[in-house]
Amino acid sequence: FDSGILFATNKADLNASSKSALAKFSNTLKENNLLSVDIYGHTDSTGNDGINIPLSNRRAQSVANYLQSCGVSTSQFKNIAGKGSSEPVADNSTQAGRTQNRRVEVYLYASQAMVDAANAGTLK
């Protein structure tokens, strides 16, 4: 995702840029229904785990819900979870770093059915 899937402080609402990127991504998932997806929400380090864990869960679920609203099958979602502030990608001591840490990461991988089809030589 070119612009990242980023969030405002203490929010789990998707912005227009994220919705646009996710709508395009949903087409890939719908065309390749043997692909699986993990979705992980993150926060910056402001607040404590009592706030950040539920917020990161809401962020991950917000992305999953939007993809589902675009027609992606729920069977393609394997893990939807929040990780709080435990895995920063940038420096939490700066505003720019905190902005980058308020994110959702999406991982795309072959499902077991896809692996089985590839091993059997029947993958299309």
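Hey, can you rank 8-19, 96-107, 37-48, 113-124 by average C-beta count inside 10 Å, highest first? Intermediate results must be reported in sequence, preceding the final value.
Numbers: 8-19: 14.3, 96-107: 18.0, 37-48: 19.9, 113-124: 11.0.
The densest-packed peptide leads the list: 37-48, 96-107, 8-19, 113-124.
Let me know the charge dipole size of region 4-124 about its Cα centre in debye, to the nearest 20, where only the beta-carbon of Lys, Arg (+1) and Asp, Glu (-1) is charged.
Working: 12 positive and 9 negative charges, 62 e Å.
Result for region 4-124 is approximately 300 debye, rounded to the nearest 20.
Please list, or write none, the lysines whose alpha carbon is within less than 17 Å of the alpha carbon of Lys30, excluding same-chain residues fewer than 8 places away.
Lys19, Lys78, Lys124
Taking Cα atoms of region 16-120, Rg/Rh with Kirkwood Rh, to two decimals?
Rounded to two decimals, Rg over Rh is 1.05.
In percent, what relative contact order does the chain have, based on Cα pairs under 8 Å that are 6 or more apart in sequence? Can you show the working numbers first?
Numbers: 212 pairs, mean separation 43.2, N = 124.
Contact order relative to length: 35 percent.
Report, in deg cm²/dmol and to the nearest 500, the calculated mean residue ellipticity at 222 nm for the chain, where each DSSP H run with n ≥ 4 adds -39500 (n - 2.57) and the sum is divided by the residue count.
On the way: 4 runs with 53 residues, N = 124.
Calculated mean residue ellipticity at 222 nm is -13500 deg cm²/dmol.
None of the figures in this text is laboratory data; all of them are computed from the coordinates on show. Only a predicted model underlies this, so the values are computations on that prediction, with no experimental measurement involved. Reconstructed Cβ throughout: ideal geometry from the backbone, glycine too, with neighbour counts over all protein chains shown.
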